[in-house]
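This report concerns only the one structure given below.
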């Protein structure tokens, strides 16, 4: 046990040196890192560098409602094409279905066959596919189209993926802000953005659906509170100019959709100096917009954003160039925000923030310095105790503790793990736990010496016997931390990572490295008594 | 007692023969009373759940001068955000505002944050919102379930591990001790009025890890001594093993304590509760190895781990030691 081959010695020292080298990229600027070194560094958690952690939930009810509305529209079209008589066509979002009643129940089978074209196949593993809609006709003429579980799941997946893309374009259009967007569970998205940010602005960008549509107004309808709008018309609120609120009778029919925009930029009206958003349509949008404006010169049309009328100007002349302008009491900031939203596109469904954790960069910096002071003082106390209690062997353990810290940081860099404030606490606790191995060994050696063993045989026995205990006690800690990692989020998972890595590396430093030091010392000195 | 030997600190003198098992009843009774009291405290007044598990909003605000608490209370009272609680957080400039979970959906939480932010920006000059945490109803429920799952599973994992590595009496002894440790920690949370959050679960798991670690070391020695001294009564084997590992138990507890102490002192408000609880747990874990885990083992193993182990007074631990068994 107390002899090391030359190869083994160099291997142990090599691991230590490798650890030191792997820590280098954390200390020097990125450009100064030599090319042969992996450019892997420890990430600082949001609680240390400041930033926002937002857990967003896709409103699945809205997704279902929208899908059912589309189905309702398509059913209406099909029934008209097939000349089938029906009544009571309605979407029932709670039951995830669309129902209607046939005038002639005998047409049931024919109608089901005609509507089957509306279903979309969903691939469910192993190349099998199931329809996203279940269509059934009852003998009494009641036809139901129900969204299947598979269809719903596919819709959720599509909505989440689309939302991730759009949110990314909104909050990190240039990809320079290190925003991370990850799907969590069935219908959630975890958004993290590090650094000094305005969390309120990010939440506004995320919380707006930004569905923009262009509608004509129904000039005959008189919107008033308590009056039901005529069919095909909805009363929407909007800015009536000079801060007053107005209600507009907006036709439901969408003339042009915001999805047909190709660009949107904030700008200033050269005459009035007022902030506006200039937009450009793509080819389809340009054609539709030209058509609408040509046929409706002199009539007002409304630009509707998320069920709110932003502006309702009167069309003065046909607009064929595919360009337009939205004005309406914007500030520089709100105009550029709307431009970003329009460029990124509309979310398929509203997003709600279900969990928020934002930390200012300054608070994060305070946390780092508090953490570093704690680590320094803690190291000093632990090393001081070991030196006083075990003398030379305590110093060996202290060297091992420092190497342990170095190797833990090296592994954190290699894994590109995230260091959080609880993670720093874990680092320090693992220092306290890692000297446990040396305390076990030293106490054991001391006992063996008392039992009358020679120095060499006491050392051998101490290391051999203590090892099983060390293994046992470290394994129990590792089991704990694995569970904590599995169930904890963010900062807490960071705690589990640093403690686990600290304990793992201590198995190497506290036993192997200290044993090497002890063996070299023993061979050099050949002491007649051990300094324990 | 000599605390220094060969110029080195010895907290535990060599060759102690403290008859720990003589105090086994007292140890168990005291522990049981403390744990029972903790269980009572858990139900009344009850654990102070933080926003992770209950939902709600926490905002850390720094004001340019010492915070004007009555003024801030008055500002918050008219925001219709429920009963706000304010607390100094570290320096007198820093205030922690806690808001209950807002009735309604998750959007209501965000509206409350907006209102408070707006009011602070308007009415408190130079106020700076340094941190905001908001957890909604569904997420807090999931976090709670996850946290409890982690605690429960770790207990089971410990039971399984010790059962696998030792005889079943050791496993039962360890798990009963852990339950007693955890209940006391919960009681400490109630008495100290600390928030029970996700980080508290981490603290409890750390304490469990440390405590089990300690039990493993003592149990390891007991098993070794059971094999070594084939005729020694179980009671004496346990006393001998505790005495032999006493220096290590105290040394390791001390180093972990020394490592965690600066976190409580300098680690900032965010880590203070976590580290104070960890310090408490280190003391609890170390003492429970001696006063709880060992007596339980003695009760469970009296006639199983060693046949015919009537308490014999003649071959005490020291006596057995002189008849050293070499290997």
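Taking 10 °C and 1.306 mPa s as the conditions, I'd like the Stokes-Einstein D for the stretch A:157-207 in µm²/s, using the Kirkwood hydrodynamic radius from alpha carbon pairs. Kindly include the intermediate steps, with their values, before the conclusion.
Working: Rh = 11.3 Å.
Translational diffusion coefficient: 140 µm²/s.
When chain B is treated as a GNM, springs tying every alpha-carbon pair under 10 Å, which of B:294, B:32, B:157 comes out with the largest mean-square fluctuation?
B:157
Based on the alpha-carbon gyration tensor of the stretch A:300-440 and its eigenvalue square roots a ≥ b ≥ c, which shape applies: rounded if a/c is under 1.5, prolate if not and a/b is larger than b/c, or oblate?
Since a/c reaches 1.5 and a/b is larger than b/c, the shape of the stretch A:300-440 is classed as prolate.
Given the C-alpha atoms of the stretch B:250-304, compute the convex hull and give its volume per residue in Å³.
70 Å³
Helix B:24-41 against the longest principal axis of chain B: what's the angle in degrees, Cα atoms only, rounded to the nearest 10?
Approximately 20 degrees, to the nearest 10.
Among B:249, B:183, B:231, whose mean-square fluctuation peaks in a Gaussian network model of chain B (Cα, cutoff 10 Å)?
Of B:249, B:183, B:231, the Gaussian network model singles out B:231 as fluctuating most.
So what are the radius of gyration and Dmax for the Cα set of chain B, in Å?
When restricted to the Cα atoms of chain B, Rg and Dmax are 25.3, 82 Å.
So what is the diffusion coefficient of the stretch B:138-236 in µm² per second by Stokes-Einstein at 10 °C and 1.306 mPa s, using a Kirkwood Rh over Cα pairs? Provide the component values of the computation, followed by the final result.
Values: Rh = 15.1 Å.
In µm²/s, the coefficient is 105.
To check you understand DSSP bridge types, tell me what percent of the beta bridges within the protein assembly as shown (both residues inside) are antiparallel, rounded to 5.
95 percent
What FRET efficiency comes out for residue A:77 versus residue A:222 if R0 is 35 angstrom and r is the Cβ-Cβ distance? Round to the nearest 0.05.
FRET efficiency, residue A:77 to residue A:222: 0.65.
Given N residues in the stretch B:1-131, what is its alpha carbon radius of gyration divided by 2.2 N^0.38 Å?
Details: Rg = 25.2 Å, N = 131, 2.2 N^0.38 = 14.0 Å.
Normalised by 2.2 N^0.38 Å, the Cα Rg of the stretch B:1-131 equals 1.80.
Taking a cut-off of 44 Å, what percent of all Cα-Cα pairs in the protein assembly as shown are separated by more than that?
Cα-Cα pairs in the protein assembly as shown separated by more than 44 Å: 46 percent.
On a 0 to 90° scale, report how tilted helix B:106-123 is relative to the longest principal axis of chain B, with both axes built from alpha carbons and the result rounded to the nearest 10.
Taking Cα atoms only, the helix is inclined about 70 degrees.
Per residue, how big is the convex hull around the C-alpha atoms of the stretch A:371-452? Give it to me in cubic angstrom, could you?
Numbers: hull volume 6.5 nm³, N = 82.
So the per-residue Cα hull volume is 80 Å³.
How long are the semi-axes of the ellipsoid equivalent to the stretch A:60-146, from square roots of 5 times the Cα gyration tensor eigenvalues, in whole Å, largest first?
Sorted largest first and rounded, they come to 22, 16, 11 Å.
Could you give the distance between the Cα centres of the stretch A:392-451 and the stretch A:245-308, to the whole Å?
The stretch A:392-451 and the stretch A:245-308 have Cα centres separated by 66 Å.
Compute the FRET efficiency between residue A:380 and residue B:111 as 1/(1 + (r/R0)^6), taking r as their Cβ-Cβ distance and R0 = 35 Å, and round to the nearest 0.05.
0.10
Taking all pairs of distinct Cα atoms, average 1/r, flip it, and tell me the Kirkwood hydrodynamic radius of the stretch B:56-135 in Å to one decimal place.
For the stretch B:56-135, the Kirkwood estimate is 12.4 Å.
Using 7 Å Cα-to-Cβ label points, what is the residue A:65/residue A:257 separation (nm, one decimal)?
1.8 nm
Can you give the FRET efficiency for residue B:43 and residue B:96, using 1/(1 + (r/R0)^6), R0 = 35 Å, r = Cβ-Cβ distance, to the nearest 0.05?
0.85
Report the Rg/Rh value for the stretch A:187-276, based on alpha-carbon coordinates and the Kirkwood definition of Rh.
Checking Rg against Rh, the ratio lands at 1.07.
For B:113, B:282, what's the fewest-to-most ordering of other Cβ within 10 Å of each Cβ?
Working: B:113 24, B:282 27.
Final ranking by Cβ density, sparse to dense: B:113, B:282.
Looking at the square roots a ≥ b ≥ c of the eigenvalues of the Cα gyration tensor of the stretch A:238-345, which shape do they give, rounded for a/c under 1.5, prolate if a/b is larger than b/c, or oblate?
It comes out rounded by the Cα gyration axes.
Counting only helical runs of four or more DSSP H residues, what would the 222 nm mean residue ellipticity of chain A come to if each run contributes -39,500 (n - 2.57) and the total is spread over all its residues? Mind showing how you got there, number by number?
Details: 13 runs with 261 residues, N = 532.
Calculated mean residue ellipticity at 222 nm is -17000 deg cm²/dmol.
Please arrange B:44, A:215 by counting, for each residue, the other beta carbons lying within 10 Å of its beta carbon, fewest first.
B:44, A:215
Taking the 0 to 90 degree range and rounding to the nearest ten, how far is the long axis of helix A:361-414 tilted relative to the main principal axis of chain A, both from C-alpha atoms?
Here the helix axis deviates by roughly 20 degrees.
Mean residue ellipticity at 222 nm from the helices of chain B, using -39,500 (n - 2.57) per DSSP H segment of n ≥ 4 over the full residue count, to the nearest 500 deg cm²/dmol?
-21000 deg cm²/dmol
How do B:140, A:430 rank when sorted from fewest to most other Cβ atoms within 10 Å of their own Cβ? Kindly include the intermediate steps, with their values, before the conclusion.
On the way: B:140 21, A:430 26.
Arranged by neighbour count, lowest to highest, B:140, A:430 become B:140, A:430.
Taking N as the number of residues in the stretch A:242-297, what is its alpha-carbon radius of gyration divided by 2.2 N^0.38 Å?
The reported ratio for this selection is 1.40.
Each value in this text was obtained by applying a stated rule to the coordinates, not by laboratory testing. Fair warning: this is a prediction, and the values are worked out from it, not measured in the lab. Cβ: placed from backbone, ideal geometry, glycine included. Neighbour counts: every protein chain shown.
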